[in-house]
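These notes are about the structure you will find just below.
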Amino acid sequence: FDIASAAIVISHLIVSLEKEPWRGLASEVAAVIEPELPAVSAEILETIGREIPEYSMPLEGSFGRGVHRGVAAALSQFVELIREPDADRGPGREVYLELGRGEFRAGRTLDSLQAAYRVGARIAWRRIAAAGLASGLDAKTLSLLAESIFVYINELSADSTEGFAEAQSQSLGERLRRQRRLVTALLRSPPPSAGEIESLRTAVGWRVPKSAAALSCHERDLAEITRFLPNEVISATVDATGCAIVPDPGGPGRLKLLQRAVGERPAALGPEGTPANLAGSWRLARNAFRAMEAGSISAPGLVRVDEHLVDLALYESRDLISRLGRSRLAPLEDLTPNARARMTETTAAWLDHRGNAAEMARALHIHPQTARYRVARLRELFGESLDDPESRFELELSLRGKEGT
C-alpha cells in the first residue's frame, strides 16, 4: 500500500464526504437524534400547513398520506444513513419521486414542494441542534450535522424534481400519441365518421374548426414551427414528414403568424377547406413540400400551394413531361453543349414573345439581327411544329419541366 494508493483513497474519501457528509458522523449521533423524530415530524407538518397556502387544506386522503409518509420516511432514513452510510437509498426514493409526480398531477409547479422541503430542513436543524447541544456534541460535529441535513434535503428535493419531470414527460407523450391519432384520422380518405372524430378530438381537447388546411414541413422542424403557433394547431409526423393541421388559415393575421413561425424553413400550406377535405389539402401540401426539396418550387420559407399550382402540376407530372421533353427537344440533342444551351434559351424566348425578334433581342440582351438569325435557326431545327399550337404547348411544357429538374 504505497503513498499514491493512499492519496487515491483519501481523495475518494473527501469526495464522498462532500457528497454525503453524514459519512463523517459517528454512528452514536443517530442515538441523539432518534428520540426527537416524532416531535420534529409533528412540527414540520404543522408548519407546512400554516406557511404554504397550497398545503393549507387538511392533510387527508392520498395527498395527506403522501406528505405524512414523506416526512416520516425522510427523518427515519436520515438517522439510518448516519448509522449505516452505505445503506441503499433506492427503495426510499420512490416516496419522493411520487411526491413530485403528485404535484404535476395536481396541476401545481414544484415551488410549493420545494418550500416544504426548506421548512423541513429548517425545523429539523433547529430541533436536532438543540438536542445535540443538550447531549454535549462538539461544534465540529454540529457543523457536519447541519451540512448533512441540508445536503440530504437537497437529495430528496432532486428526487421529487425527477418524479415531476417523469410525470410531465409521460403526460406529454400520451398527449402526442392522442394528437397523432387525431391527425392521421383527419387525413384519411374517405374521412372518418363524426363519432370517431368526436371521440378523438375530446381526448385531445381540440375544437373542430369550420375550415382548416394542412401544412407540410421537415419532421425535424415540426416542433420548432408549432412552438410559435396557437394551441388549436395540432401536429404529428405522418409518412416521415411533419404535418400540422391549421384551423382557419385565411383568418385575420393568420398567414403572417404562419410565416413568422416557419421563418426560412421550407414548408408548404395546402388549400383551405372543411375538415372533411383535409386529406386533399395534405396530399397537395406534402407534394409541394417535396417539390421544394427537389428544387421544382424555388421559394424560401412558407409556400402556399394555391400560388404554385402550375409548378406543382409540372412536378407531379415530371415523369410524363420528361418523356415528352425527350421527344420535343430531340432536335437540340445533336448540338454542342454551348449551342444547345443557347438555342434552349432562344426557344424559351421565342415562346414567351410569340416569335417577335425585337422583343427576344431585348429579353436575351442580344442584337436584333442576332435574334433574327437564331429564329431562322429555330425554324431549321423544329420546322413546321413551331406553327402548331399543340406542338408549341408541348414544347413549352418540356422546357418548364427541364427547368424544374
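The table that follows gives values for the structure above.
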{"item": "Residue match in the range 167-178 (condition: open to solvent by less than 60 Å² (accessible area, probe 1.4 Å) and closer than 22 Å to Gly92 by Cα)", "result": "yes"}
{"item": "Counted residues, the range 91-126 - those being outside any helix (DSSP H, G or I) and either hydroxyl-bearing (Ser, Thr, Tyr) or at positive phi (or both)", "result": "2"}
{"item": "Residue match in the range 23-33 (condition: in contact (Cβ under 8 Å) with a residue 60 or more places away in the chain, part of a loop (DSSP other than H, G, I, E, B) and exposed (fewer than 14 other Cβ atoms within 10 Å of the Cβ))", "result": "yes"}
{"item": "Selection count, the range 125-146, where residues are surrounded by 15 or more Cβ atoms within 10 Å (Cβ to Cβ), out of contact with any Asp or Glu (no Cβ under 7 Å at 6 or more places or on another chain) and of a type outside the set (S, T, N, Q)", "result": "8"}
{"item": "Residue within the range 288-302 that is of a type in the set (Ser, Thr, Tyr) and in contact with a Pro (Cβ under 9 Å, 6 or more places away or on another chain) present", "result": "no"}
{"item": "Every residue from the range 328-350 that is touching a residue at least 40 places away in the same chain (Cβ under 8 Å) and either part of a helix (DSSP H, G or I) or touching a Lys or Arg at 6+ places or on another chain (Cβ under 6 Å) (or both)", "result": "Arg328, Pro331, Leu332, Thr344, Thr347, Ala348"}
{"item": "Single residue of Glu162, Glu155 found to be open to solvent by 60 Å² or more (accessible area, probe 1.4 Å), under 30 Å from Arg127 (Cα atoms) and not in a loop (DSSP other than H, G, I, E, B)", "result": "Glu162"}
{"item": "Lone unmet requirement of (1) open to solvent by less than 10 Å² (accessible area, probe 1.4 Å); (2) among the polar types (S, T, N, Q); (3) in a loop (DSSP other than H, G, I, E, B) for Ser216", "result": "(3)"}
{"item": "Residue that is nearest to Phe393 (Cα to Cα), among those in the range 301-353 that are open to solvent by 60 Å² or more (accessible area, probe 1.4 Å) and of a type in the set (Gly, Ala, Ser)", "result": "Ser327"}
{"item": "Qualifying residues in the range 229-287 (those that are among the acidic types (Asp, Glu) and touching a strand residue (DSSP E or B) at 6+ places or on another chain (Cβ under 9 Å)) - the one nearest to Leu200 (Cα to Cα)", "result": "Glu232"}
{"item": "Test set (1) exposed (fewer than 11 other Cβ atoms within 10 Å of the Cβ); (2) at pLDDT below 70; (3) closer than 19 Å to Leu156 by Cβ - Ser11 fails condition number", "result": "(3)"}
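The values are calculated or read from the model by the stated rules, or taken from the named source; none is laboratory data. All figures in this text were calculated on a predicted structure; none of them were measured in a lab. Note that we place each Cβ from the backbone using ideal geometry, even for glycine, and neighbour counts take in every protein chain shown. Note: areas computed on protein heavy atoms with side chains; ligands, DNA, RNA excluded. Shrake-Rupley method; radii C 1.70, N 1.55, O 1.52, S 1.80 Å.
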